[in-house]
1. Being closer than 16 Å to PHE116 by Cβ and in a loop (DSSP other than H, G, I, E, B) is the filter here, so list the residues in the stretch 37-67 that pass it.
2. Hey, any hits in the stretch 28-42 for a residue that's of a type outside the set (Asp, Glu), more than 21 Å from PHE108 (Cβ to Cβ) and within 16 Å of ligand 2 (Cβ to nearest atom)?
3. Kindly evaluate GLY275 against the criterion of being surrounded by fewer than 18 Cβ atoms within 10 Å (Cβ to Cβ), away from ligand 1 (no atom under 16 Å from the Cβ) and not charged (D, E, K, R).
4. Give the residue that is nearest to ligand 2 (Cβ to nearest atom), with candidates limited to residues of the stretch 291-309 that are touching a residue at least 24 places away in the same chain (Cβ under 8 Å) and surrounded by fewer than 20 Cβ atoms within 10 Å (Cβ to Cβ).
5. Among the residues of the stretch 23-56, write down those that are surrounded by fewer than 20 Cβ atoms within 10 Å (Cβ to Cβ) and within 16 Å of ligand 1 (Cβ to nearest atom).
6. Restricting attention to the stretch 188-198, does a residue exist that is out of contact with any helix residue (DSSP H, G or I) (no Cβ under 9 Å at 6 or more places or on another chain), more than 16 Å from VAL282 (Cβ to Cβ), assigned to a loop (DSSP other than H, G, I, E, B) and not aliphatic (A, V, I, L, M)?
7. Could you list, in sequence order, all residues of the stretch 117-165 that are charged (D, E, K, R), under 24 Å from PRO191 (Cα atoms) and more than 16 Å from ligand 2 (Cβ to nearest atom)?
8. Name the residue that is surrounded by the most Cβ atoms within 10 Å (Cβ to Cβ), counting only residues in the stretch 217-251 that are among the β-branched types (Val, Ile, Thr) and within 12 Å of ligand 2 (Cβ to nearest atom).
Amino acid sequence: MFLKGRDILSIHDLDAEEVEELLQFAAELKIYGRIDATPDFLKGKTLGMIFEKSSTRTRVSFEVGMYQLGGTALFLSNRDLQLGRGEPIKDTARVLSRYLNGIMIRTFGHDRLVEFAKYARIPIINGLSDLLHPCQVLTDLLTIREFKGKHLNNLKMAYVGDGNNMANSYLYGAAKVGMTLTVATPKSHKPNAKVIRQSLADAKLTGAKLSWTEDPIKAVEDADIVATDTWASMGQEDEHEARKKIFAPYQVNKELLSHADKNVIVMHCLPAYRGEEITEDVFEDNAEIIFEEAENRLHMQKAIMAATMAD
Ligand code: CP
Ligand code: NVA
């Protein structure tokens, strides 16, 4: 398979052709999945899923995806692993490499993932870190294609809210597919500086137009797609009240969307906090898209697992 043995820690590590291949493969697997005819690419293989944070979609879609591909998935909570009691990452990675065929990890610091991947002999998949959420953004690109057509380089997207793991991954993703993306965040919560630098460099190769603004209205002007995410990510619960005040001007509501293209679609990776980053009416008007986006996690991750782990 085309990504055999590779880690999927960041979209930045994939080239534009590999991103395109993943999008096509996921679309094919979606069709096979719908008729219960998914090939058993991962028969006899086992995926470990290490969770140091909560999850609904990631956990269930990876587990079901692995099952549909003919393999097995093990849920490994940080509370139960010796890792949670201080066993070094480098030892855990070397041990688990001897039992498993791949590992998905959801963690805090991105450096934990990088260290895990350095010592593991099997593919490591980023199921979300404080810095990045690549599986979600690859999924979102698949979803955008379904609703807006294949040519992502003709589309204008706006991300409005916190410069968090989603914002960072959208920058990397848009850069690879040549999309126009404007990110609107407060100055104090811009996307990661290194991610901005690297995505601007990637954008030169594809013609993607990436920009940042403090002004949400400017960002959504004529946008075909508007995406947002929670204002307080996992691990920032203590800041939630303070963040509500900082991000109030960045709510995705009908007024803001009146500046976008009239056929704009709104995306949200979920979980959503209605009345904060998105209003109830905007969420429900776009529910068909948002839940297709959630379903597509399954199809994209099956593509990622088969591409990296199949023989
Ligand atoms: N979007 C997403 O990653 O959802 P979970 O936190 O439920 O996995
Ligand atoms: N930015 C959010 C995404 C949740 C899927 C978080 O990290 O909590």
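Values quoted throughout were computed directly from the atomic coordinates according to the rules given, and no laboratory measurement underlies them. Since we're looking at a predicted model, the values are computed, not measured. Note that each Cβ is placed from the backbone with ideal geometry, even for glycine, and that neighbours are counted across all protein chains shown.
1. GLU52, LYS53, listed by residue number.
2. No: zero hits.
3. It is true that GLY275 is surrounded by fewer than 18 Cβ atoms within 10 Å (Cβ to Cβ), away from ligand 1 (no atom under 16 Å from the Cβ) and not charged (D, E, K, R).
4. If we take residues in the stretch 291-309 being touching a residue at least 24 places away in the same chain (Cβ under 8 Å) and surrounded by fewer than 20 Cβ atoms within 10 Å (Cβ to Cβ), then ALA294 is nearest to ligand 2 (Cβ to nearest atom).
5. Of everything in the stretch 23-56, those that are surrounded by fewer than 20 Cβ atoms within 10 Å (Cβ to Cβ) and within 16 Å of ligand 1 (Cβ to nearest atom) turn out to be LYS53, SER54, SER55, THR56.
6. no
7. Result: LYS156, single match.
8. Within the stretch 217-251, the first condition is being among the β-branched types (Val, Ile, Thr), and the residues that meet it are 217, 220, 225-226, 228, 230, 246.
Retained after the next criterion (residues that are within 12 Å of ligand 2 (Cβ to nearest atom)): 228, 230.
Details: THR228: 30, THR230: 23.
Top of the filtered list is THR228.
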